[in-house]
Each structure stands twice: as C-alpha cells, then as structure tokens.
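Please read the structure below before turning to the comments.
The values are calculated or read from the model by the stated rules, or taken from the named source; none is laboratory data. None of the values given here were measured: they were computed from a predicted structure. Cβ placement follows ideal geometry from the backbone for every residue including glycine, while neighbour counts extend to all protein chains displayed. Ligands, DNA and RNA are excluded from the accessible area calculation, which covers all protein heavy atoms including side chains. Shrake-Rupley method; radii C 1.70, N 1.55, O 1.52, S 1.80 Å.
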Amino acid sequence: MEWNGTLPVSRNPEGLTGYESLHVDKILFFRIVKGELQAHTSDDFLHLISGEKIQRFLNTLWASNCHFVRSDRGDIPDIGKIRKFDKKWFRAYFDEVPNKNSKYIYIAKARYDEFVELTMKYNSYIRDNPTSRS
C-alpha cells in the first residue's frame, strides 16, 4: 500500500473537532508540547493524532523521504524548508529574511554545527547560500 503523504490531525488537542488530513509537504516542523506532537504549518498549528512513539514516527517519515530531524528536545523541523540559521540564538528560520512574525525552531547548542551540516546535505538553498548560515 502506498502512503498518500497525509497525517491525521485535529484542531483540538483532545481530538474533539474530529480528524483532518494534513499533507506532510505543508508541515514546517513538529513541536513537542506536554508530550504531544504539534504540526506547524506556515500559518497554523494542528495536533497530531497518533499513538506512535516519537522516534518510530520520525524513522518512518525519514524512510518515506521526509527529512524531519530533531534539532533539540522539543523541535523537529523539515530540514529541507529551513532558509536561515542564527548562530547567536541557536535558531533556524523558514524565511530567507526573518522578521518578528517568522516561525523558527531551536537548535541544541551542542548539536548546532552537526545540525547545520546535515541540513546542508539535504537542503540546496542552505548549501548554495553561505550567508544563510550566519
């Protein structure tokens, strides 16, 4: 059976609004909040409805050619969608020119260089634009 690229989500953390399907291509990152996975898009966030262990879920996404990687304890971005790194604050942004409304993820200080290297491997924008890594 072939996967159609969608994940079951709900607008309510308890699932009270029912299921919606969210295509993985629309997800910028996942954030773990109180043990729950939230899927963040460019303009919204939804609650993932799944009983999977987080690492098994990430392994399955990776095996499906979706490059989500844990950047710190709570953030799991799609490294192909990152457009700017900020080494001063150990963040990555999804906008080329971040502003106060830009969505971002945190990167563990100890993993920062390793995370940037991995992102460069799967993200041609970051690889081809050295100023995006400042």
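Assorted remarks:
- Other residues within the sphere of radius under 10 Å centred on the Cβ of residue 87, judged by their own Cβ, net out at +2 (K and R +1, D and E -1).
- The share of accessible area on the chain that comes from carbon and sulfur is 50 percent, using a 1.4 angstrom probe.
- Among the GluC sites (Glu not before Pro) within the range 54-117, those in coil by DSSP and having at most 14 neighbouring Cβ atoms inside 10 Å are 96.
- The chymotrypsin sites (Phe, Trp or Tyr not before Pro) of the range 61-130 meeting both criteria, a DSSP state outside H, G, I, E and B (loop) and at most 15 other C-beta atoms within 10 angstrom of the site's C-beta, are 89.
- 18 Å Cα-Cα reach of residue 103 towards aspartates and glutamates, excluding residues that sit fewer than 8 places from it in its own chain: 25, 43, 44, 72, 75, 78, 86, 95
- For the chain, the Kirkwood radius over C-alpha pairs fed into Stokes-Einstein at 20 °C and 1.002 mPa s yields D = 140 µm² per second.
- Pairs of Cα atoms nearer than 8 Å and 6+ residues apart set the relative contact order; for the chain it is 17 percent.
- Restricting the range 27-107 to trypsin sites (Lys or Arg not before Pro) that sit in a DSSP loop and have at most 14 other Cβ atoms within 10 Å of their own Cβ leaves 34, 53, 73, 87, 88, 100.
- Net charge dipole size for the range 30-134 [Lys, Arg +1 and Asp, Glu -1 on Cβ; Debye, nearest 20]: 300 debye
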